[in-house]
1. Given the structure, is Met87 surrounded by 14 or more Cβ atoms within 10 Å (Cβ to Cβ), out of contact with any Ser or Thr (no Cβ under 6 Å at 6 or more places or on another chain) and part of a helix (DSSP H, G or I)?
2. State yes or no: is Arg94 within 14 Å of the chain's Cα centre (by Cα) and of a type in the set (Lys, Arg)?
3. I'd like to check which helices (runs of 4 or more DSSP H) are fully inside segment 2-62 and have at least 3 residues that are touching a residue at least 12 places away in the same chain (Cβ under 8 Å).
4. Would you pick out the residues in segment 36-61 that are under 17 Å from Ala92 (Cβ atoms) and not polar (S, T, N, Q)?
5. Quick check on my filter: what residues within segment 63-75 are closer than 16 Å to Asn30 by Cα and touching a residue at least 24 places away in the same chain (Cβ under 8 Å)?
6. Report, ordered by the first and then the second residue, all pairs with beta carbons closer than 9 Å, sequence separation of six or more or different chains, a first member in segment 98-113 that is among the aromatic types (Phe, Trp, Tyr) and assigned to a helix (DSSP H, G or I), and a second member that is surrounded by 10 or more Cβ atoms within 10 Å (Cβ to Cβ) and at pLDDT below 85.
7. For the subset of segment 69-84 comprising residues that are in contact with a strand residue (DSSP E or B) (Cβ under 7 Å, 6 or more places away or on another chain) and either surrounded by fewer than 16 Cβ atoms within 10 Å (Cβ to Cβ) or among the hydrophobic types (A, V, I, L, M, F, W, C) (or both), which member is nearest to Thr43 (Cα to Cα)?
Amino acid sequence: MMKDDTLNKMNVITTAARDYDIPQMAILTNIDETCPLVKKSITNVYKSKRIRRTMEELQSKLGIPLTNIFPVKNYHEEHDLNSDIDMLILKALRQIIQIANDRLNKAEGSCFYLGKECAPVVC
């Protein structure tokens with residue numbers, strides 16, 4: 001997965017983000033290198049026990065909800081676009097945008113400064 005010092009740095013960042021009520025997300029890349037089943041066909045990503053275990057390990061080490069960890073395959077060997085790879089990337093992007101939008105809607109109508117509520121400004 002990742003080196004311990006990288007995980008420690010990420011843990012500091014996710015803890016600070018959580019303190020400020022910033023949603024945390026992770027993109028799990030190179031999933032085809034993690035699992036031969038996925039390397040054979042990217043459509044097997046959600047069937048793969050190895051990918052699931054990797055996501056659960058990331059969840060436990062960083063505290064990021066499993067629903068906010070997005071497995072994607074990098075374009076690195078392909079010469080042409082692949083709709084299955086694109087769908088996975090676009091699904092992750094859509095979820096990230098939705099999580100950010102939900103957070104903004106939550107903040108709408110109230111004043112937040114660094115994750116803490118403050119008195120509304122009256123003009």
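1. Answer is no for this residue.
2. Judged against the criteria, Arg94 is a match.
3. By residue number, 4-19, 31-34, 49-62.
4. Val38, Ile42, Val45, Tyr46, Ile51, Arg52, Met55, Leu58
5. Selection gives Ile69, Phe70, Pro71, Val72, Lys73, Asn74.
6. Hits for this filter: zero, empty list.
7. My answer is Val72.
The values are calculated or read from the model by the stated rules, or taken from the named source; none is laboratory data. Small disclaimer: the values here were computed from a predicted structure and weren't measured. So basically every Cβ, Gly included, is an ideal-geometry build from the backbone, and we count neighbours across all protein chains shown.
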